[in-house]
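Take a look at the structure below.
The values are calculated or read from the model by the stated rules, or taken from the named source; none is laboratory data. Because the structure is predicted, anything quoted here is derived from the model rather than measured. Glycine gets a Cβ as well: all are built from the backbone with ideal geometry, and neighbour counts include every protein chain shown.
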């Protein structure tokens, strides 16, 4: 069982367990200190929730602490300054609209 985070927008991520989206991760607050919340998409009985979820929703003071709680999953951002964005062939295949 392995998690990964895919960024949708600044402060918003889908949390995948294997290849299924099981939760959302969002940042709340207009200014620091922010609160980061991981919330399961389904209201499963406690015995059916994926570990480490004990509740439907868990909050953390930082994304780093949330990631540590999940076991340091890989995080994919949509930052346009990443190597993939700078690659001309990637830019051609994914034009900005």
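So which residues in segment 11-28 are part of a loop (DSSP other than H, G, I, E, B) and either touching a strand residue (DSSP E or B) at 6+ places or on another chain (Cβ under 8 Å) or crowded, with 16+ Cβ neighbours inside 10 Å (or both)? Result: 11, single match.
Would you check if there is a residue in segment 43-52 being part of a strand (DSSP E or B) and at pLDDT 95 or above?
Of the residues in segment 43-52, the ones part of a strand (DSSP E or B) are none.
Taking every residue of segment 43-52 in turn, none turns out to be part of a strand (DSSP E or B) and at pLDDT 95 or above.
Give the residues of segment 37-51 that are touching a residue at least 12 places away in the same chain (Cβ under 8 Å) and either touching a strand residue (DSSP E or B) at 6+ places or on another chain (Cβ under 8 Å) or closer than 18 Å to residue 27 by Cβ (or both), sorted by residue number. Matches in segment 37-51: 37, 38, 39, 40, 41, 42, 50.
Residues in segment 29-42 that are modelled with pLDDT under 95 and in a strand (DSSP E or B): there are none.
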